[in-house]
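Data block below; observations after.
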Amino acid sequence: MQNNMKLLVTGGAGFIGSNFVHHILDTYPEYEVVVLDALTYAGNLESLKKFEHESRYRFVKGDITDASLVDELVVECDIVVHFAAESHVDRSILEPSIFIKTNVLGTQVLLEAARKYNKRFHHVSTDEVFGALGPHDEPFNEHTPYDPRSPYSASKAASDHLVEAYFHTYNLPITISNCSNNYGPYHFPEKLIPLAITNLIEGKNIPVYGDGRQVRDWLHVKDHCRAIDMIIHNGHIGETYCVGGDGERENIWIVKNILKEMGLGEERLEYVKDRAGHDRRYAINHDKITRELGWKPEIALEEGLKETIAWFQENKGWWQAVKDGSYQEYYENQYIKR
Ligand code: NAD
Ligand code: TYD
């Protein structure tokens, strides 16, 4: 890669995308970033405010399914780093169509432009494409067969297959990363960790789905951004990398840890109806990226959770604005009052 690279970051106003923009602009003084983001309910320009007046950064509001806009932006960049997606499993259960449009069609529109101009393409995907593990199964790795079970994971699986297809069919220089559950700053407060922290600050309870014994492998978003950085610079073309946090925990461990850190008691847990088709366990074996690129997670979960709680306590303005809109109505109706 050259010294000054221009990246097109789709979904750069979302949780992981905005952390990635911070990582790139803070780490590489010569690099330029163009963010393409539709600013759906999950996109927030406040997360990128630091770069508002920075000449190396440009924000374009637009949809990844808009082929002519995508064409204009892809031609001028060196690499597309593709985060834009509908990302919440619960929403995909209620309203699957937009997941197909953005995650499948949107990815194909981007791929088509990348093919036209032969651009490097990195696709950010999820471990949820591999389905659910039993308690004694080996963690997912790059050879695990795809077995998506929610509309969200099915749409991400379809997008992964399209990216692979563009590599095999057109030699498009692609890489894919499948990561586990991220957490950290700028996390939209509909996902478990930011929802739990912000609910507690607001004096509300934490909704625990089912028995709370489901397992996720928590990865700090900053560790994830470092992994993507390594893949776009040194990853092998055509390859997939599994990125995990060595942070397997039951949900109940996570919420009890948050309660303890915030000095609150277990009466603040509210067991609610389980998610339909709830995947029991996800976990990632990250040996390949560790061996080939020298990446490993550096932020221990206990430490990362402490920092994340502090971030949400210190950045009330950021999440209160996000939480008091239509999302709040959606959340109240769907997950508390049943
Ligand atoms: P997010 O929901 O926080 O952000 C998604 C961003 O994409 C938002 O800024 C939104 O406005 C934008 N967007 C949505 N539809 C768009 C469209 N049609 N055109 C342009 N922009 C659009 O998501 P996230 O948690 O930051 O996830 C980023 C990527 O990482 C996604 O592809 C997701 O599948 C993947 N991923 C996330 C996690 C996780 O734990 N959050 C884990 C594994 C993989
Ligand atoms: P989530 O953050 O939605 O991520 P994903 O579904 O992609 O893993 O959920 C993480 C886990 O927490 C999952 O097992 C569902 C559970 N959960 C709750 O128990 N309560 C909640 O309010 C939410 C949002 C999730």
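Remarks
- Taking strands (runs of 3 or more DSSP E) as the structural unit, those lying wholly within the stretch 217-320 and holding at least 1 residues that are among the hydrophobic types (A, V, I, L, M, F, W, C) and modelled with pLDDT of 95 or more correspond to 240-243, 269-272.
- Test: residue in the stretch 92-102 that is among the charged types (D, E, K, R), free of Cβ contacts under 8 Å to residues at least 24 places away in the same chain and touching a helix residue (DSSP H, G or I) at 6+ places or on another chain (Cβ under 9 Å): yes
- Within the stretch 178-197, considering residues that are assigned to a helix (DSSP H, G or I) and over 14 Å from GLU307 (Cα atoms), the one farthest from ligand 2 (Cβ to nearest atom): ALA196
- Beta carbons closer than 7 Å, at least 6 apart along the sequence or on distinct chains, pair a first residue in the stretch 4-32 that is closer than 11 Å to LEU48 by Cα and without any contact (Cβ under 8 Å) to a residue 60 or more places away in the chain with a second that is within 11 Å of ligand 1 (Cβ to nearest atom) and β-branched (Val, Ile, Thr) for ALA13/VAL35; VAL21/VAL9; VAL21/VAL35.
- Residue match in the stretch 289-301 (condition: under 19 Å from HIS143 (Cα atoms), touching a Pro at 6+ places or on another chain (Cβ under 9 Å) and touching a residue at least 24 places away in the same chain (Cβ under 8 Å)): no
- Some residue of the stretch 43-53 being free of Cβ contacts under 8 Å to residues at least 24 places away in the same chain, more than 15 Å from ligand 1 (Cβ to nearest atom) and either within 15 Å of the chain's Cα centre (by Cα) or over 24 Å from LEU219 (Cβ atoms) (or both): yes
- Members of the stretch 198-222 found to be acidic (Asp, Glu) and buried (at least 21 other Cβ atoms within 10 Å of the Cβ), listed by number: ASP217
- Within the stretch 79-113, if we keep just the residues that are farther than 18 Å from ASN181 by Cα, surrounded by fewer than 22 Cβ atoms within 10 Å (Cβ to Cβ) and of a type outside the set (Val, Ile, Thr), the residue that is farthest from the chain's Cα centre (by Cα) turns out to be GLU112.
- Residue tally, condition surrounded by fewer than 19 Cβ atoms within 10 Å (Cβ to Cβ) and not polar (S, T, N, Q), over the stretch 64-78: 8
- Qualifying residues in the stretch 12-67 (those that are among the aromatic types (Phe, Trp, Tyr) and within 16 Å of ligand 2 (Cβ to nearest atom)) - the one modelled with the lowest pLDDT: TYR41
- Residues being under 16 Å from ALA85 (Cβ atoms) and either more than 12 Å from ligand 1 (Cβ to nearest atom) or small (Gly, Ala, Ser) (or both) - total across the stretch 163-179: 1
The values are calculated or read from the model by the stated rules, or taken from the named source; none is laboratory data. Model, not experiment: these values are computed from the prediction. Here Cβ is always computed from backbone atoms with ideal geometry, including for glycine, and neighbour counts include all displayed protein chains.
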